[in-house]
1. Over the range B:1-42, what portion of Cα pair distances is larger than 16 Å, expressed as a whole percent?
2. At 1.002 mPa s and 20 °C, plugging the Kirkwood radius over alpha-carbon pairs of chain A into Stokes-Einstein gives what diffusion coefficient in µm²/s?
3. Counting protein heavy atoms only and a 1.4 angstrom probe, how many square angstrom of accessible surface do chains A and B bury in total, to the nearest 100?
4. Please give the helix B:116-135 orientation as an angle from the longest Cα principal axis of chain B, in degrees from 0 to 90, rounded to the nearest 10.
5. Please list, in chain and number order, the residues 5+ apart from B:LEU9 or on another chain whose amide H is under 5 Å from its amide H, with Hs placed from the backbone.
6. What do you get for the angle between helix B:58-75 and the principal long axis of chain B? Use alpha-carbon atoms, 0 to 90 degrees, nearest ten.
7. Could you tell me which residue out of A:PHE76, A:ALA58, A:PHE24 lies farthest along the dipole of the range A:20-76 toward its positive end? Charges go on the beta carbon: Lys and Arg +1, Asp and Glu -1, centred on the Cα centre.
8. Explain nothing, just compute: Karplus ³J(HN,Hα) = 6.51 cos²θ - 1.76 cosθ + 1.60, θ = phi - 60°, for every residue of the range A:51-62 in order, whole Hz, x for Gly and Pro.
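The values are calculated or read from the model by the stated rules, or taken from the named source; none is laboratory data. Since this is a predicted model, take the numbers as computed values, not measurements. So basically every Cβ, Gly included, is an ideal-geometry build from the backbone, and we count neighbours across all protein chains shown. We work out accessible area using only protein heavy atoms, side chains counted, and drop any ligands, DNA or RNA first. Shrake-Rupley method; radii C 1.70, N 1.55, O 1.52, S 1.80 Å.
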Amino acid sequence: MNTLQEITRLLNSQLGPAYPASTFSVDTRLLGAIPELDSMAVVGLLTTIEETFGIQIADDAVSADDFETVATLVAFIDGHLRR
Amino acid sequence: MSVRAAVILVQAFGDEAGVTRRVQRMIAEALSEQGVVAYLADPSGTGDSEGMLVDSTVSGWLDELQALETVVRGEHVGVPLHFAAGRFGACLVHAYLTQRRSSSIGWVGWAPVLDGPGQLAPFARIAALRGRQASGDRRSFEWPNALPVEVAGLEFAPSLVAGIRGVPRIGAVCGRRTMLVDIRDLPEDEPPVPSPALSRVADANTGGDPIELRVLRGRPFWSVPDPVDCPELPGLVAATIVRWSDDAAALRG
């Protein structure tokens, strides 16, 4: 399983055709840099992450830092998968 | 034309029940073309049914599925019975088949929500987001437990929140055929691999018949204002129900 590949797909699904998966790299900045990634989009993204990876994310475990870049988001998910 | 089998379709929850209504109809039509009669379970307080969501409970919904199975059994004596359900409906069917008496042969869960907490999480986050915006509290997504709360146009009672939270993770059901259908937004040039989540559900199955896992291409159902139907889904559900019914008939000799 490639977490980065899955995440870029989910970002594309959540943000729409203006953000194809190929536009994302590990260094891509997310929260604050992508206008469409507002609070509701983060809620939707958390849901799709949970459904896709089969993990449960405690709400107090989520911080803005986790959504800073694609790399931090991948690390956040990988951390949950290791638990 | 004699009835080949009967299927109880079970709705998704909340907005998803509305946006998946069209594909439910397509599934019913595909079943009808194969001589399979379909019933749509619309749990009380949701969809078009009577009652209010705030008065609903998960155990009440399971009672309703039991009552509907009794009706279908009475109308089609000796006919193989199956369930097919999308999203949270799959959780309800799995809970029903593991907690109540059913003479059904199998169930198909498409684009399933994994468990009750998975269904509740987005609503809880929406509620908390609204509360945080109103109060300036930026720390917690805690669900407000004490009173009924309206979220996204739905009024949740604490008992319903507790009931949904207690709905267990989907999986195989002993003595029943199980198919899980993953609908994924995959590029055409990539193989249709299941999500890590459903792979783990299938791998974790240690009892009963193995789970049949299928992957279809289509748009995910959450946060899509106008979801695109998965054109292969109705045909897959109908073909599976017919296959399971034929297998059961062959076993009976």
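1. 35 percent
2. 169 µm²/s
3. Approximately 2100 Å² gets buried when A meets B.
4. Once rounded, the angle reads 20 degrees.
5. B:TYR39, B:LEU40, B:ALA41, B:ALA84
6. That works out to roughly 20 degrees.
7. Of the options given, the answer is A:PHE24.
8. 3J(HN,Hα) across the range A:51-62, in whole Hz: 5, 6, 9, x, 10, 10, 9, 5, 5, 6, 8, 9.
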